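What follows is a short report on a single structure.
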Amino acid sequence: IRLPWRTEDDWGVSALRAEIRLAARPDAAPIVLDLALPSAQPKQARGLAQPDFSAHPWAGLETQIRLVARDGAEQEGVSETVA
């Protein structure tokens, strides 16, 4: 999977993760993928995650992905969910 991401926050981003859910079972626990930031609490950052899920039981199934970012003030922001 290719997962390009971009963040921006006036306090700086302290943590970023992707939550991947199985579309057929949205209540099931998600796969949580912590994404590395290029520096400590950047105000703007971008990157590309390319995790290999080819051996995962969900490989080839429809999933939904959203990003969750936490800023320096401990507030969380959530992206739109993408199928």
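Inside the stretch 1-29, can you point out the residues that are closer than 19 Å to residue 50 by Cβ and either in a loop (DSSP other than H, G, I, E, B) or aliphatic (A, V, I, L, M) (or both)?
1, 2, 3, 16, 18, 20
Sort out for me the strands (runs of 3 or more DSSP E) sitting completely within the stretch 30-83 that have 1 or more residues that are open to solvent by 90 Å² or more (accessible area, probe 1.4 Å) and more than 14 Å from residue 2 (Cβ to Cβ).
31-34, 44-49, 76-78
Do you know which of the residues in the stretch 1-29 that are among the basic types (Lys, Arg) and closer than 13 Å to residue 67 by Cα is surrounded by the fewest Cβ atoms within 10 Å (Cβ to Cβ)?
6
The values are calculated or read from the model by the stated rules, or taken from the named source; none is laboratory data. Model, not experiment: these values are computed from the prediction. Neighbour counts run over all protein chains shown; Cβ positions are idealised from the backbone, glycine included. Note: accessible area is taken over every heavy atom of the protein model, side chains too, but ligands, DNA and RNA are not part of it. Shrake-Rupley method; radii C 1.70, N 1.55, O 1.52, S 1.80 Å.
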